[in-house]
1. Hey, can you list the residues from segment B:152-189 whose accessible area shrinks by 40 Å² or more with all protein chains present, relative to the chain by itself (probe 1.4 Å, no ligands or nucleic acids)?
2. Please get the size of the charge dipole for chain B, origin at its Cα centre, with Cβ charges of +1 on Lys and Arg and -1 on Asp and Glu, quoted in debye to the nearest 20.
3. Give the accessible surface of chain B per residue, rounded to a whole number of Å², with probe radius 1.4 Å and ligands, DNA and RNA excluded.
4. Mind telling me which of B:LEU240, B:LEU267, B:LEU123 comes out most flexible in a GNM of chain B, alpha-carbon contacts under 10 Å?
5. Picking from B:ALA152, B:ALA309, B:ALA371, which is most flexible by a Gaussian network model of chain B using Cα springs under 10 Å?
6. Where does each of A:LYS56, A:LYS68 land when they are ordered by accessible area, with a 1.4 Å probe and the largest first?
7. Compute the signed sum of charges (Lys and Arg +1, Asp and Glu -1) over the other residues within less than 12 Å, Cβ to Cβ, of B:ALA169.
8. In segment A:64-83, which residues become less accessible by 20 Å² or more once every protein chain is in place, relative to the chain on its own, using a 1.4 Å probe?
Amino acid sequence: MKYLCLVYLEKDKWHAVPDRECKACGDGFRDRGLLLAAEPLESVETATTVRVRNGKTYITDGPFAETKEALAGFYLLDARDLNDAIQMASKIPPAREGSIEVRPVRELVVGS
Amino acid sequence: MAADSIHQAIEGIYEAESRRVLATLIRVLGDFDKAEEALHDAFRAALEQWPREGVPGNPRAWLVSAGRFKAIDAVRRLKRFDALDEVGEKADVAFIDTAAWADEESVEDDQLRLIFTCCHPALAPEAQVALTLREVCGLTTEEIAHAFLTPAPTLAQRIVRAKGKIRDAKIPYEVPARADLADRLDAVLRVIYLVFNEGYAASSGRQVTRHDLSTEAIRLGRLLAELLPAPEVQGLLALLLLQDSRRAARMSAEGDVVLLEDQERGLWNQEQIVEGTRLVEQALSSGSAGPYAIQAAIAAVHAEAATAAATDWDEIVGLYDLLVAMSPSPVVELNRAVAVAMRDGPAAGLAIIDALLARGELKDYRLAHAARAELCRRLGRTADARASFERALKLAKQEPERRLIERRLAELQP
């Protein structure tokens, strides 16, 4: 089963964990065949939001959420179950600076 | 056997086995809702067949197989496609192979699996409690809602959400691995203690004790101690038994709170005290006693004192020292201060409580102010006692507790 581990960090902790640590973590997961994808993100200041309403595309700067922590990156993992996913999430280095949200991936229902 | 006595036998088997059968069916079917439905169908089948054919030799195995068969049959009926013939064949084979599904060892494991799954830390604490009472104890949603003074639809929603998360996020149905066991067991013990406390001292409302939840918590503690006899499990069960042993003495006939020192000790339940004390000794002698065992040891020291005056306060202060070192919290320090006051006099206790209050964490805790008031009263500092009782009264929510504080206030010399 796939789990998306979303890494949240406060702005001033964005680079608190050295990149090489995150890379080592991702490589470790990949070597064990558990990593489907992982990327870090640029800061929220670089974000753009796109919406389509009545066929018209609206583009806005942001979002700049009120919460202090923002999405800083993700790991898409292949885990046996939630316990395994939590176990792996606890190994993601930014877990000690910010937080990791573990979300099960849903299968698209295309048949009906 | 006459039909009536068969029905009675089935009722007895339901009482004794339905939770075990459910725990196994959840493993076999991999789904809480399907398992509940299958359990229901299995007992309906028993009601039809057993009067005709007699009660089977191993009713539990029969029920598990019947439940499993009915669940697979339901899927087959739903789909009515050839592709499912394969599943059907497997089902028939498994129906013959009954014993393997329900031997003693795997049934015990299933019960532990169920407990650990219901108390999984990825579920909200109130959902853990609700799910445990429903699935492990077999209480109805309405009974749980009533006990927690929560509207039944809210509680039902909580249970549905928790089951949804178990299914969708794939919380595994398993006993945690050794490395995680201590942490996960803590969560289970916390749930049991929460259930007990909810029964022992409701957080608001008129009645202070709610019998059923305390009994349910003790039953759970007993079950867990049987399945997993770890020192902290024994410690918790001992604590529950020793606290519960005072149930008959802690309320007057008028429904007023009676403090420990004023309780009629003859009303204490000796059977629970004996069992609780034995469990404390076991837990302590293991060398790895935790906070529950230490709290139980404190309760056991109270229990062995024939009168309040005969209490071994030195021993109790020593145990609180251990507890403060093991799991520091301002509330534990407050309890220690009260014990120090009993051993060394009210001034010594008051000094600790004032220092605690000055730290700020307990400034809205009613019992801190009530304890301070009591010590001031004993020292003859009536004005200080009055001010602290009034502060405690402002913070107290339970009616019996409010009446106790009001009584203490009225008794103060002007």
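1. B:ALA169, B:LYS170, B:PRO172, B:GLU174
2. Values: 51 positive and 64 negative charges, 312 e Å.
Computed charge dipole of chain B: roughly 1500 debye.
3. Values: 20490 Å² over 414 residues.
Per residue, chain B has an accessible area of 49 Å².
4. Looking only at B:LEU240, B:LEU267, B:LEU123, the largest GNM fluctuation is found for B:LEU267.
5. B:ALA309
6. Details: A:LYS56 110, A:LYS68 155 Å².
Putting A:LYS56, A:LYS68 in descending order of accessible area: A:LYS68, A:LYS56.
7. Values: positive: A:LYS2, A:ARG103, A:ARG106, B:ARG161, B:LYS163, B:LYS165, B:ARG167, B:LYS170; negative: A:ASP81, A:ASP84, A:GLU101, B:ASP168.
Spelling it out: positives minus negatives among the neighbours equals +4.
8. Residues losing area: A:ARG80, A:ASP81, A:LEU82, A:ASN83.
The values are calculated or read from the model by the stated rules, or taken from the named source; none is laboratory data. Because the structure is a prediction, the values reported are computed rather than measured. Note: ideal-geometry Cβ built from the backbone for every residue, glycine included; neighbour counts use all protein chains shown. These area figures cover heavy atoms from the full protein model, side chains too; ligands, DNA and RNA do not enter into them. Shrake-Rupley method; radii C 1.70, N 1.55, O 1.52, S 1.80 Å.
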